[in-house]
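Student: There's a structure below that I have some questions on.
Where a number appears in this text, it was derived from the coordinates with a stated rule and is not lab data. Bear in mind that the values here come from a model prediction, so they are computed numbers and not experimental data.
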Amino acid sequence: MLKTITFAAVHFTVAFSVAYLLTGNIGVSSVLALVEPMCNTVAYYFHEKAWVRFGSQQIAVQ
């Protein structure tokens, strides 16, 4: 659990830093740093579903 918490902190810090460097706006950077991990989580869910359906077939063929 500690690894998950520290990874979340690193992810937030990187997302905030990149957004701040691009926008120069703390408010926008904060929102982006919060929204991006949520979107990434949803994308990861669908990636896993696709991997189970298609990725495992690729590995079995090889």
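Student: Which entry in [x] 1.16; [y] 1.19; [z] 0.94 matches Rg/Rh (Cα atoms, Kirkwood Rh) derived from the coordinates of this structure?
Tutor: Working out Rg/Rh (Cα atoms, Kirkwood Rh) from the coordinates points to [y].
Student: If you don't mind, another one. How tilted is helix 2-23 with respect to the longest principal axis of the chain? Cα atoms for both, answer in degrees (0 to 90, nearest 10).
Tutor: Approximately 60 degrees, to the nearest ten.
Student: Mind pulling the angle between the C-alpha long axis of helix 26-50 and the longest principal axis of the chain? Nearest 10 degrees, somewhere in 0 to 90.
Tutor: Long axis of 26-50 versus the principal axis of the chain: about 0 degrees.
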